[in-house]
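To keep things clear, I will list the structure first and then write my remarks on it.
The values are calculated or read from the model by the stated rules, or taken from the named source; none is laboratory data. No experiment lies behind these values; they were computed from the predicted model shown. Ideal geometry is used to build each Cβ from the backbone, glycine not excepted, and the neighbour counts take in all protein chains shown.
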Amino acid sequence: MPELLTLADWLAHCERLHPKTIEMGLQRTNALRDRLGLRFDVPVITVAGTNGKGSTCAMIESIARQAGYRTGLYIKPHLVHFSERCRVNGEPVAEAELLPHFQAVEDARGELTLSYFEFTTLAILRALQQAPVDLVIVEVGLGGRLDAVNTIDTDCAVITSIDIDHVEYLGPDRESIGREKAHIMRTGRPAIVSDPLPPGSVTAYAQSIGADLWLVGRDFHHDGDRQQWRWAGRGRRYHALAYPALRGANQILNAAGAIAALESLRDRLPITAQAVRTGLALVELPGRFQIVPGQPTLVLDVAHNPQSVAALAQNLDAMGFYPRTRAVFGAMQDKDLPALLAHMQPLVDHWHFCDLATARAAKASDLATLPRPATPGRTVGLSTHASAADGLQAAVAAADPADRIVVFGSFYTVGGVLEAGLPKLHSAHASAVLSPSQDPGRGPAQP
């Protein structure tokens, strides 16, 4: 094997090792876990779900750091740089510091052929094992039962919202998918479920193994008004909480689950009300209904399945009036693409479909031919582009200062416009903003 000197070299090596990008199963990772001696002496929180996993992980990390704890976080996928996946105390681990852990996995694997995800997961878990941290937070990649991170025995399992996605691996309905995700739970340990209507398979599995099940609405609650909100759990309450810095109506459920997870470990990691308030107020996670001020306004969101895109559409509709909305969109071809477009169609005046730098992505030309529901009284334009960056550039060139541009779909889509840093938009158009009745390309404002 040629000498591997950089992280890029190692990632290319990982891609060549296995003929499949995804191969479910724990036999290989369990064997490597034992060879590497992967065990954590600090509490581990594992987060699974269809949507809200990354946000929940980021909130747990932020609150714990404000409480004075040193944190290690494995979150995925990355937007621009692979090192975003491994954070210690809120900062990505330097690429050079990851190299010895990739080498250790390579030395230990022997005859085993690991997938890209298995290899990189083991390397990051080893990096976090050797980091000086008080808490480790890991995000499940796909499902839970057979996901590589499930090789680690968690101290607290968190299940966020569950919806239909990755049906070829997880099953065709919420019951099947919920059952797969529930397998991150462990006997006698806390299992936090922040989905307000979880599949019965989730609660049934928790009861069958004797997990300490925390259900939102039963074991912890939240309510509030426009200014602040409250959280109440098993014997503890937090009042006068600011809403999370991560925007979107769905983030309150993620915040409630994050607090419950930390409360369930109070005997090992006590937190204060001030840590909760400050942690939620300062949490950051790019690409989750991220609003970038400028002219026009830019919204970045990695929503890529019907549930998350429906939430994105709801959040966009609550932003107020914009004369026109342009959408830069690219996604994987195995997604329910007509459903994604249908949720957004009432809000979009022009689609900028884009190719993405992965073979799994749908072609922009194919996206342009997908059926979209007609909106009476409106003409919705479309164009195709070689990349997300090209799509954004075209959208800015065509937009007026008061318009809005939404970049959404795959992580590759949002990451594609962030490669050169956070865009600062300045529309070249000096034309007056048209009202809906004056704009021939837009009908009445949507409710």
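Inclusion of R87 among residues that are under 27 Å from A182 (Cα atoms) and out of contact with any strand residue (DSSP E or B) (no Cβ under 9 Å at 6 or more places or on another chain) is not warranted. The residue of the range 16-55 that is nearest to the chain's Cα centre (by Cα), among those that are at pLDDT below 90 and exposed (fewer than 13 other Cβ atoms within 10 Å of the Cβ), is T21.
Which residue out of A303, A310 is in a helix (DSSP H, G or I) and not hydroxyl-bearing (S, T, Y)? Spell out the reasoning first.
Working: A303 fails: in a helix (DSSP H, G or I).
Unique residue meeting the criteria: A310.
Here T160 qualifies as touching a helix residue (DSSP H, G or I) at 6+ places or on another chain (Cβ under 9 Å), buried (at least 23 other Cβ atoms within 10 Å of the Cβ) and among the polar types (S, T, N, Q).
Of all residues in the range 384-400, none are modelled with pLDDT under 95 and more than 24 Å from G294 (Cβ to Cβ). Return the pairs, sorted by first residue and then second, in which the second residue is surrounded by fewer than 18 Cβ atoms within 10 Å (Cβ to Cβ) and of a type in the set (S, T, N, Q), the first residue lies in the range 370-399 and is not assigned by TED's automatic domain parsing to the domain that holds W351 and in a loop (DSSP other than H, G, I, E, B), the beta carbons are less than 9 Å apart, and the residues are 6+ apart or on different chains. Between residues of the range 370-399 that are not assigned by TED's automatic domain parsing to the domain that holds W351 and in a loop (DSSP other than H, G, I, E, B) and residues that are surrounded by fewer than 18 Cβ atoms within 10 Å (Cβ to Cβ) and of a type in the set (S, T, N, Q), there is no close pair. Listed by first and then second residue, the pairs with beta-carbon distance under 8 Å, at least 6 apart or on different chains, first residue in the range 163-175 and assigned by TED's automatic domain parsing to the domain that holds H304 and closer than 15 Å to A339 by Cβ, second at pLDDT 80 or above and of a type in the set (A, V, I, L, M), form an empty list. Out of R288, R230, R247, R277, one residue alone is farther than 22 Å from E91 by Cβ, at pLDDT below 95 and either surrounded by 14 or more Cβ atoms within 10 Å (Cβ to Cβ) or under 16 Å from the mean Cα position of the chain (by Cα) (or both). It is R247. Which of the residues belonging to the range 315-325 are in contact with a Gly (Cβ under 9 Å, 6 or more places away or on another chain) and modelled with pLDDT of 95 or more? Of everything in the range 315-325, just one residue is in contact with a Gly (Cβ under 9 Å, 6 or more places away or on another chain) and modelled with pLDDT of 95 or more, namely R324.
Find the helices (runs of 4 or more DSSP H) located wholly in the range 85-204 whose residues include 2 or more that are within 19 Å of the chain's Cα centre (by Cα), and list them. Outline the logic, then answer.
Values: elements: 95-109, 116-130, 167-170, 174-182.
In the range 85-204, 116-130, 167-170, 174-182 are the helices (runs of 4 or more DSSP H) which contain 2 or more residues that are within 19 Å of the chain's Cα centre (by Cα).
I need a count of the residues in the range 27-43 that are in contact (Cβ under 8 Å) with a residue 60 or more places away in the chain and over 15 Å from L122 (Cβ atoms).
Step one: list which residues in the range 27-43 are in contact (Cβ under 8 Å) with a residue 60 or more places away in the chain, which gives 28-33, 35-36, 38-40, 42-43.
From what's left, over 15 Å from L122 (Cβ atoms): 42-43.
Count: 2.
Just to verify a result, which residue in the range 72-84, among those that are in contact with a helix residue (DSSP H, G or I) (Cβ under 8 Å, 6 or more places away or on another chain) and either in a strand (DSSP E or B) or of a type in the set (D, E) (or both), is nearest to N30 (Cα to Cα)? Among those that are in contact with a helix residue (DSSP H, G or I) (Cβ under 8 Å, 6 or more places away or on another chain) and either in a strand (DSSP E or B) or of a type in the set (D, E) (or both), it is Y74.
Please verify whether the range 93-103 includes one or more residues that are in contact with a strand residue (DSSP E or B) (Cβ under 8 Å, 6 or more places away or on another chain), in contact (Cβ under 8 Å) with a residue 40 or more places away in the chain and not charged (D, E, K, R). Yes, because at least one residue in the range 93-103 is in contact with a strand residue (DSSP E or B) (Cβ under 8 Å, 6 or more places away or on another chain), in contact (Cβ under 8 Å) with a residue 40 or more places away in the chain and not charged (D, E, K, R).
Here's the yes/no breakdown for (1) touching a helix residue (DSSP H, G or I) at 6+ places or on another chain (Cβ under 6 Å); (2) in the same structural domain as F408 (by TED's automatic domain parsing); (3) assigned to a loop (DSSP other than H, G, I, E, B):
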site	(1), (2), (3)
A258	yes, no, no
R268	no, no, yes
F321	no, yes, yes
R326	yes, yes, no
M344	yes, yes, no
H352	yes, yes, no
A359	no, yes, yes
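Kindly indicate whether M59 is of a type outside the set (G, A, S), in contact (Cβ under 8 Å) with a residue 40 or more places away in the chain, in a loop (DSSP other than H, G, I, E, B) and more than 16 Å from V133 (Cα to Cα). So M59 fails the test.
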